[in-house]
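Bear in mind that the values in this text are calculations on the coordinates, not laboratory data. Quantities reported herein were computed from a predicted structural model and do not represent experimental measurements. No Cβ is skipped: glycine too gets one built from the backbone with ideal geometry, and neighbour counts run over all protein chains shown.
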């Protein structure tokens, strides 16, 4: 098996980071992999915002958890609380993908490039769509004004850092999801 296929096979969604900072050269390599993503007609409808400010990440985390705790349906809050009570899992680095409207597919490709690049560098990562909730509060609008470039909207985040358990278990592939024709 080649290195790319090995990285894909071993990648898992890390939901517990040590909080230790990630070296700048690794962050820059991941950011480069992000902007090397293919896009329809090579429009590249994204901006990659790398957030390394742990205080800001922790503040956004607390805001989101507070918002979830006040929702009528507590199931999501309880699920996250059961995993340690942090929507961002103590990550020291967040890659936020800001996208142009209607470019979800391109955004997904960028997220996967970031996740695979991080895994190839020995870093834990998780693609975190729930980060969208952070921007759904009044305070979230302040974050959006600070983080999301004008003309773009929230697309996705990928949390990156050193895993508390670097030997995490990838999900078991469901081979029944493959159909061959011909």
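Placing dummy labels 7 Å off each Cα toward the beta-carbon, the span from residue 43 to residue 145 is 2.9 nm.
Here the stretch 132-174 and the stretch 51-124 have alpha carbon centers that stand 3 Å from each other. Extension gain, residue 28 to residue 56: 0.36 nm times the residue separation minus the Cα-Cα distance gives 8.1 nm. For the chain, the relative contact order works out to 35 percent when only alpha carbon pairs closer than 8 Å and six or more residues apart are counted.
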